[in-house]
Amino acid sequence: MTIYLFILFAFVTASFSQENSNDKIMVKKVFDEVLTNGTSYELLEHLCKKIGHRLSGSENAEKAVFWTKKVMEDYGFDRVFLQEVMVPKWVRGDQEIVKIDGSNEMLSALAIGGSVGTEENGIKADVVMFHNITDLEKADKSDVEGKIVFINGAFNQTYIRTSQAYSETGRQRWQGASVAASLGAVGVIIRSLSSSLDDFPHTGSLGYDEKHKKIPAFALSTIASNKLATKIKMGTVKLFMKLNSKWYDDVKSYNVVGELKGSEKPDEIIVVGGHLDSWDVGEGAHDDGTGCMQSIDVLRTFKALNIKPKRTIRAVMFMNEENGLRGGLKYAELAKENKENHIAAIESDAGGFTPRGFSVDGAADKIEKMQKWVSLFDKNTISYIDAGYGGADISPLNKTQNTVCIGLNPDTQRYFTLHHTNNDVLEQVNKRELLLGTASMASLVYLLDQYGL
Ligand SMILES: [Zn+2]
């Protein structure tokens with residue numbers, strides 16, 4: 001090695017470690033600010049207790065739109081604006097009823113979101129049970145026709161990441177009604193997509209295949225599912241089910257966007273977001289009040305630390321993730337129309353629990369670049385940045401302009417006990433866990449802003 005090369009090498013190494021230690025100081029500053037002054041939890045408290053659950057098209061969803069807009073205006077973000085989007089409107093109606101015919105004991109149930117109602121006086125039919133949707137697909141029409149199908153697929157408990165069990169079992173909720181209807185069933189009930197044994201039923205969305213009759217669909221709590229399965233094993237069981245849900249015309253709603261304008265490269269946009277709508281049960285605390293409030297708090301943190309971003313940073317509250325994704329689609333559509341360049345988008349939509357890492361949907365070289373940042377974090381927060389899923393609302397950006405999409409991955413052990421239930425309430429959120437997620441995202445936004453992708 002010549003002396004010149006040696007000097008050059010020493011210089012590059014020194015400047016790299018200098019850069020690294022400055023970044024480490026900044027990440028620590030961001031965490032300190034969020035852990036002492038972060039507002040994610042207090043904002044969430046307002047959203048949960050003063051507004052409550054907020055299904056697309058509901059009055060509460062509208063309230064949440066105008067409240068988050070005001071919060072971001074009061075924080076003094078450079079620009080706060082709404083993006084109009086038409087959303088579907090489904091109303092559950094009176095409390096649904098599922099019970100074993102001839103008994104007064106109710107089975108703890110929720111209609112699956114989007115389900116058609118039953119006849120006015122309810123329906124009564126024998127039940128036929130399947131262990132999973134694959135077994136149902138293989139069934140003979142003669143065993144199903146005129147009956148209520150019960151799909152009792154349970155989470156695979158051996159997966160460390162519960163989201164893996166959720167996506168594997170998810171098909172029974174999404175497709176169960178159509179598969180059952182294709183075989184002549186009059187209704188469907190599924191075992192809730194849950195990782196625990198309790199009496200909370202979990203709602204969620206379904207997709208009706210237009211080729212088949214739309215039949216009413218319910219989810220039973222895991223305890224009620226076990227009870228029903230035991231009864232069925234003992235002999236024929238007739239069920240009574242009643243639901244008077246209704247579909248209405250689409251209604252006008254909005255994505256809410258807050259922005260800090262970039263000082264050097266304002267045309268390069270970094271998004272951090274969550275979805276503002278929730279199911280019509282509980283308070284939509286973990287799903288996904290936390291992600292929205294964290295995103296607002298990320299921008300607040302930049303202002304509090306007087307960080308002037310080089311690039312434009314946006315907090316986006318997407319509307320209608322739960323039963324349509326219209327907000328996410330509209331955001332990407334407008335981005336294309338306005339020729340906006342989104343270099344990265346981060347979504348927090350897996351609960352406000354202790355962060356573990358980020359998963360990235362993007363090119364390998366970009367993921368590699370980001371992986372060098374893992375060492376800047378305390379390993380009890382972000383311990384990995386891996387290739388993987390970004391998030392539902394930001395995924396259209398990936399399709400339309402190849403935006404690198406990043407998902408915040410918190411600890412998943414408790415999420416699917418609460419998800420889409422009456423138990424998804426503020427009391428299930430731990431303030432410090434929530435703030436660690438906020439700080440992790442704010443730090444990542446800082447690094448993305450500093451170095452681009
Ligand atoms: Zn969600």
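The values are calculated or read from the model by the stated rules, or taken from the named source; none is laboratory data. Because the structure is a prediction, the values reported are computed rather than measured. Note that each Cβ is placed from the backbone with ideal geometry, even for glycine, and that neighbours are counted across all protein chains shown.
Laid out as a table, the results:
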| read-out | value |
| --- | --- |
| Qualifying position, being at negative phi and either over 18 Å from the mean Cα position of the chain (by Cα) or within 16 Å of the ligand (Cβ to nearest atom) (or both), among ALA285, ALA315 | ALA285 |
| Entirely in the stretch 220-276, the strands (runs of 3 or more DSSP E) that have 2 or more residues that are under 24 Å from ASP288 (Cα atoms) and away from the ligand (no atom under 16 Å from the Cβ) | 246-260, 265-275 |
| Total residues in the stretch 97-130, condition in a loop (DSSP other than H, G, I, E, B) and basic (Lys, Arg) | 0 |
| Positions within the stretch 343-358 being under 15 Å from ASP393 (Cβ atoms) and either basic (Lys, Arg) or crowded, with 24+ Cβ neighbours inside 10 Å (or both), in sequence order | ALA344, ALA345, ILE346, GLU347, SER348, ALA350 |
| Given (1) in contact with a Leu (Cβ under 9 Å, 6 or more places away or on another chain); (2) under 24 Å from GLY357 (Cα atoms); (3) outside any helix (DSSP H, G or I), number of the condition HIS202 does not satisfy | (2) |
| Tally of residues being under 23 Å from the mean Cα position of the chain (by Cα) and not aliphatic (A, V, I, L, M) across the stretch 248-282 | 15 |
| Qualifying residue in the stretch 416-437 (condition: over 18 Å from the mean Cα position of the chain (by Cα), hydroxyl-bearing (Ser, Thr, Tyr) and in a loop (DSSP other than H, G, I, E, B)) | no |
| Hits in the stretch 40-58 - residues which are in contact with a Phe, Trp or Tyr (Cβ under 8 Å, 6 or more places away or on another chain), in contact (Cβ under 8 Å) with a residue 40 or more places away in the chain and part of a helix (DSSP H, G or I) | LEU47 |
| Close pairs from the stretch 334-349: first of a type in the set (Ser, Thr, Tyr), partner assigned to a helix (DSSP H, G or I), Cβ under 6 Å, at least 6 apart | SER348/GLY291; SER348/GLN294 |
| Failed item in (1) at pLDDT 95 or above; (2) within 30 Å of VAL237 (Cα to Cα); (3) surrounded by fewer than 17 Cβ atoms within 10 Å (Cβ to Cβ), with ASP101 passing the rest | (1) |
| Selection from the stretch 99-129 of residues that are farther than 14 Å from LEU220 by Cβ and hydrophobic (A, V, I, L, M, F, W, C) | VAL116, ILE123, ALA125, VAL128 |
| Sole exception among (1) surrounded by 17 or more Cβ atoms within 10 Å (Cβ to Cβ); (2) part of a helix (DSSP H, G or I) for VAL80, by number | (2) |
| Long-range neighbours under 7 Å by Cβ, at least six apart or interchain, first residue within 14 Å of ALA165 (Cα to Cα) within the stretch 400-419, second outside any loop (DSSP other than H, G, I, E, B) and within 15 Å of the ligand (Cβ to nearest atom) | THR412/THR162; THR412/SER163; GLN413/THR162; TYR415/THR162; TYR415/HIS286; PHE416/THR162; PHE416/TYR166; HIS419/ASP287 |
| Filter pass, ASP361 being in contact (Cβ under 8 Å) with a residue 40 or more places away in the chain and either more than 16 Å from the ligand (Cβ to nearest atom) or charged (D, E, K, R) (or both) | yes |
| Members of the stretch 326-352 found to be of a type outside the set (Val, Ile, Thr), in contact with a Lys or Arg (Cβ under 8 Å, 6 or more places away or on another chain) and over 17 Å from ILE296 (Cα atoms), listed by number | ALA332 |
| Boolean, VAL256 is under 24 Å from LYS49 (Cβ atoms) and surrounded by fewer than 23 Cβ atoms within 10 Å (Cβ to Cβ) | no |
